[in-house]
Amino acid sequence: MGTKVIRMIAVVLGTLFAGLGSASALDSPKTEPILVVDGDITETNSPSGATFDLAMLDALPQHKFTTGYHFTKGTAEYSGVLLKDLAAAVGAKGRVAEVRALNDYKADVPMSDTEIVPVLLATRIDGAPMRVRDKGPTWLVYDTRKRPEMNNPTTDAKMVWQITRITFK
């Protein structure tokens, strides 16, 4: 085989593998972003990290559970993406997710919590998208029915609502 043929094969293979690499990259939001994910991540779609609109979050594996909290009225069905699935989507390497709200309140959520109980980045309550005035557009909720001992003030402090940013560190 001549040098020209080998170079041509190398170019073709390089192009193919480059295409495969970009297939896993995040799409860009088509509507106004509601969440920025940054920090120790490998998948990005903007200079600020990984930005998501509601449709992009909806495209990730969806989960739901029904529960109530002492600071809410009755029970509700919460649905959205598990924090560990969001972490996988952005290639998060960090062991802690710093979750920040619209008003700059923030809480550190150990990723180890996601192995104990479902930790959901809820985008809907009872099937309806959450508005800012309803603790939306995203609210981090724990399914404390699975582990009643986690129904405590420490867990409550990690259930940030009106989330705008998650930083993996």
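Determine, for Asp156, Asp104, the number of other Cβ atoms within 10 Å of each Cβ, and report the residues in order from fewest to most.
The most exposed by this proxy come first: Asp104, Asp156.
What's the exposure ranking of Phe168, Phe52, Phe71, Phe65, going from fewest to most Cβ atoms within 10 Å? Write down the numbers at each step before the final one.
Working: Phe168 21, Phe52 28, Phe71 7, Phe65 18.
Least crowded to most crowded, the residues run Phe71, Phe65, Phe168, Phe52.
What residue among Leu120, Thr167, Thr154 has its Cα farthest toward the positive end of the dipole of region 119-169, where the charges are +1 on Lys, Arg and -1 on Asp, Glu, each on the Cβ?
Going by the Cα projections, it comes out as Thr167.
Applying 1/(1 + (r/R0)^6) with R0 = 41 Å to the Cβ-Cβ distance of Asn152 and Asp58, what FRET efficiency is obtained, to the nearest 0.05? Could the numbers behind the result be given before it?
On the way: r = 31 Å, r/R0 = 0.76.
The pair Asn152/Asp58 has a calculated efficiency of 0.85.
Most exposed first by the Cβ proxy, i.e. fewest other Cβ within 10 Å, how do Tyr142, Tyr78, Tyr69, Tyr105 rank? Write out the running numbers ahead of the final one.
Details: Tyr142 26, Tyr78 23, Tyr69 16, Tyr105 13.
Going from sparsest to densest Cβ surroundings: Tyr105, Tyr69, Tyr78, Tyr142.
For the chain, find the longest principal axis of its Cα atoms and tell me its angle to the long axis of helix 3-23, 0 to 90°, nearest 10.
The answer is roughly 10 degrees.
For the chain, what is the mean residue ellipticity at 222 nm derived from helices alone (per DSSP H run of n ≥ 4: -39500 (n - 2.57); sum divided by total residues; nearest 500 deg cm²/dmol)? Present the calculation step by step, with values, prior to reporting the outcome.
Numbers: 5 runs with 44 residues, N = 169.
Computed ellipticity for the chain at 222 nm equals -7500 deg cm²/dmol.
Would you compute the Debye intensity of region 31-169 from its alpha-carbon atoms alone, equal scatterers and no solvent, and pass along log10 I(q)/I(0) at q = 0.10, 0.15, 0.21 Å⁻¹ to two decimals?
With no solvent term, the Cα-only Debye profile gives -0.28, -0.66, -1.40.
Once you put a point 7 Å from the Cα of Met111 and another 7 Å from the Cα of Glu32, both along the Cβ direction, what distance in nm separates them?
3.2 nm
Every number in this text was worked out from the coordinates using simple rules, so none of it is lab data. Treat the numbers as computed from the prediction; the structure is a model and nothing was measured. With ideal geometry, Cβ positions are generated from the backbone for all residues, glycine too; neighbour counts draw on all protein chains shown.
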